[in-house]
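Enquirer: I am attaching a structure below and will ask some questions about it afterwards.
What follows draws every value from the coordinates through simple rules; no lab data is involved. What you are looking at is a predicted structure, and each value in this text was computed from that prediction instead of being measured. Cβ sites come from the backbone with ideal geometry, for glycine too, and all protein chains shown count toward neighbours.
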Amino acid sequence: MTAGPKSRRQILVGVAALAASSLGVGVVAGARITSPEDAAAKTAAPKASQITVPVEKKALASKVVGRGDASFDGAVNIRVETSGLTTPAIVTGKVPAVGSSIAEGKALLEITGRPVIALAGVLPMYRALSPGSKGPDVLQLEKTLDRLGFDPGSVDGKYDTGTARAVRELYEQAGYDAPEADQQLKDAVDGAKKNTDAAKKALRMAQSQLAQAKKAKAPDLTVQKGAVTDAKEALQDAREAQEDAELKAATPLPVSEIVYVKSLPRRVDKVNVERGGTASGAVMSASGAALVVSLKVDAASAEHLKVGMVAELTLGDGSTVKAKVKRLTRKGDSYDVVVGPDKLNGKQLEQLRDANVKVTIPVKSTNGKVLTVPVAALSAGSDGGSRVEAVRNGKTELVGVKVGLSADGFAAVEPTGGAKLDEGDQVVVGK
């Protein structure tokens, strides 16, 4: 069956429509299809750009920073040697209060009505001292008396009349009667004085008899002259005996009336006795009167520290206190650092007492403001020297630099080889 003209036109229109539709679908599909190269280009990260920072001028300071505990310096137990007492060691007064200060040359306690005077020294008081005593403990006593302004005469480790006089002055300044010698020694002095007086009288008599014999023009004065000579020798012997007796009867130093502490003044931390009680063992414990802060640092940090360096303490309220490094003590692989604050007011003292605080110790600083760049901006050149990448007018230039002090992530730099680097120049720190 053959189609008519009308039917053929309908078929042609349908074919054309189908072709057009297929062409549209192809165009759309073609638009959605991406080549591998195009896909990689579209998904790749954007080209890296340089990260720059400006060169700055500022002062740098490297420092050791840590946290330390505040305490009163160097606690010690104080013991009184009471073995020389003939009566029980009853505490009769001057019991200190916790927090009070032990001053050198002052009584820290009274036992059996007598003072226990504190002196600075390393040797303990282990025996009673008296004229004629010799040894290192006497030498320590003489040095201490001399330092305190009491003249002991020759500082030679021998307890003589000069030492006894200085001891007496020590007691007088402390407000107490000086110790006295035994009565028999005092009696010996009285007897020696009488012998001296008798010897003087005998000499006067011998001299008078010689004068009378001369006046009478006696032919032989041998006896009278001999009597005078003998009397003079007897007087000399009597005087020496008197001096010896007086030395032995000079002011002694009882073992129970002096206590040596390594350093003074100190703060009383604990009292183990009370008035009316018996003193035995450690009568009290005391620490340094000065507050200190102790912290630990590693060996590498300790290499930069030394006694006398300035430090800074940060208190709880954010305020700061100036301080100085007092001691450095090695403890295995680390070091104990003791820092002493400058003069404290009452508020600062209370804030520091038993506190844990930040300690900052500057160890090196630049002399004023210098050119600085972040440490991340530095790189090593082929010659082993340091350099930075400076960006100027969109171009990167390698600038050789000499690196100085580094601190807080920055380094002091100085351009080398005639290169220029100025404040405000941009340097690359990353890409």
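Enquirer: Using a/c under 1.5 as the rounded threshold, could you call the stretch 112-217 rounded, prolate or oblate? The axes a ≥ b ≥ c are square roots of the C-alpha gyration tensor eigenvalues, and prolate needs a/b larger than b/c, oblate otherwise.
Expert: Since a/c reaches 1.5 and a/b is larger than b/c, the shape of the stretch 112-217 is classed as prolate.
Enquirer: Shifting gears a bit: Most mobile of 157, 99, 417 per a Gaussian network model of the chain (Cα springs, under 10 Å)?
Expert: Highest fluctuation of the listed residues: 417.
Enquirer: Something else about it: Once every Cα of the stretch 183-248 carries one equal point scatterer and solvent is ignored, give the base-10 log of I(q)/I(0) from the Debye formula at q = 0.19 Å⁻¹, two decimals.
Expert: -0.68
Enquirer: Which cross-chain or sequence-distant (5 or more) residues have an amide H under 5 Å from the amide H of residue 253, H modelled 1.01 Å from N in plane?
Expert: Amide H neighbours of residue 253, under 5 Å, 5+ apart: 129, 130.
Enquirer: Please order 91, 388 by the number of other Cβ within 10 Å, starting at the fewest. Can you show the working numbers first?
Expert: Values: 91 20, 388 25.
Fewest to most other Cβ atoms nearby, the residues stand as 91, 388.
Enquirer: Taking θ as phi - 60°, what are the ³J(HN,Hα) couplings along the stretch 254-265 by the Karplus curve (6.51, -1.76, 1.60), each to the nearest whole Hz, with x for Gly and Pro?
Expert: x, 5, 8, 10, 9, 10, 9, 10, 3, 8, 9, x
Enquirer: Which residue, 311, 179, 207, has the largest displacement toward the positive end of the dipole of the stretch 179-323 when charges sit on each Cβ (Lys, Arg +1; Asp, Glu -1)?
Expert: Positive-most Cα among the choices belongs to 207.
Enquirer: Please report 161, 86 as a ranked list, fewest other C-beta atoms within 10 angstrom at the top and most at the bottom.
Expert: So the ranking, lowest neighbour count to highest, is 86, 161.
Enquirer: How far, in degrees from 0 to 90, does helix 5-32 lean away from the longest principal axis of the Cα atoms of the chain, to the nearest 10?
Expert: That works out to roughly 20 degrees.
Enquirer: Here is a follow-up. Expressed as an acute angle from 0 to 90° and rounded to the nearest 10, what is the orientation of the C-alpha long axis of helix 136-147 relative to the principal long axis of the chain?
Expert: Orientation of helix 136-147: about 80 degrees from the principal axis.
Enquirer: Between the stretch 228-257 and the stretch 59-115, what is the separation of their alpha carbon centroids in Å?
Expert: Each part reduced to its Cα centre gives a spacing of 40 Å.
Enquirer: Quick one: which residues, 5+ away or cross-chain, put their amide H under 5 Å from the amide H of residue 73? H built at 1.01 Å from N.
Expert: Under 5 Å from the amide H of residue 73 lie the amide H atoms of 288, 290, 292, each far enough along the sequence or on another chain.
Enquirer: Would you mind working out the magnitude of the charge dipole of the stretch 183-248 relative to its Cα centre, with +1 at each Lys and Arg C-beta and -1 at each Asp and Glu C-beta, to the nearest 20 Debye?
Expert: Working: 13 positive and 11 negative charges, 106 e Å.
Computed charge dipole of the stretch 183-248: roughly 500 debye.
Enquirer: Using only Cα atoms, find the angle between the long axis of helix 183-215 and the longest principal axis of the chain, and express it within 0 to 90 degrees, rounded to the nearest 10.
Expert: That helix lies at roughly 50 degrees to the long axis.
Enquirer: What do the square roots of 5 times the Cα gyration tensor eigenvalues come to for the stretch 300-431, in whole Å, largest first, as semi-axes of the equivalent ellipsoid?
Expert: Those come to 41, 18, 12 Å.
Enquirer: Something else now. Hey, what's the per residue convex hull volume over the C-alpha atoms of the chain, in cubic angstrom? Mind showing how you got there, number by number?
Expert: Details: hull volume 166.2 nm³, N = 431.
Expressed per residue, the convex hull around the Cα atoms of the chain is 386 Å³.
Enquirer: Please list, in chain and number order, the residues 5+ apart from residue 133 or on another chain whose amide H is under 5 Å from its amide H, with Hs placed from the backbone.
Expert: Sorted by chain and number, the residues that satisfy this are 159.
Enquirer: How would you classify the stretch 385-430 from its alpha-carbon gyration tensor, with a ≥ b ≥ c the square roots of the eigenvalues: rounded for a/c under 1.5, else prolate if a/b is greater than b/c, otherwise oblate? Mind dumping the intermediate values first?
Expert: Numbers: a/c = 1.94, a/b = 1.34, b/c = 1.44.
Oblate is the answer for the stretch 385-430, as a/c is 1.5 or above yet b/c matches or exceeds a/b.
Enquirer: Then there is this: With a cut-off of 8 Å between alpha carbons and a minimum separation of six or more residues, what is the relative contact order of the chain in percent? Walk me through the numbers before you get to the answer.
Expert: Numbers: 798 pairs, mean separation 107.9, N = 431.
In percent, rounded to a whole number, it is 25.
Enquirer: In addition: Tally Lys and Arg at +1 and Asp and Glu at -1 over the other residues with C-beta under 14 Å from the C-beta of residue 113: what net charge comes out?
Expert: Once positives and negatives cancel, what remains is -1.
Enquirer: A follow-up question, please. Tell me whether the stretch 289-373 comes out rounded, prolate or oblate; compute the Cα gyration tensor, take square roots of the eigenvalues as a ≥ b ≥ c, and use a/c under 1.5 as the rounded threshold.
Expert: Oblate shape, in that a/c is at least 1.5 and b/c is the bigger or equal ratio.
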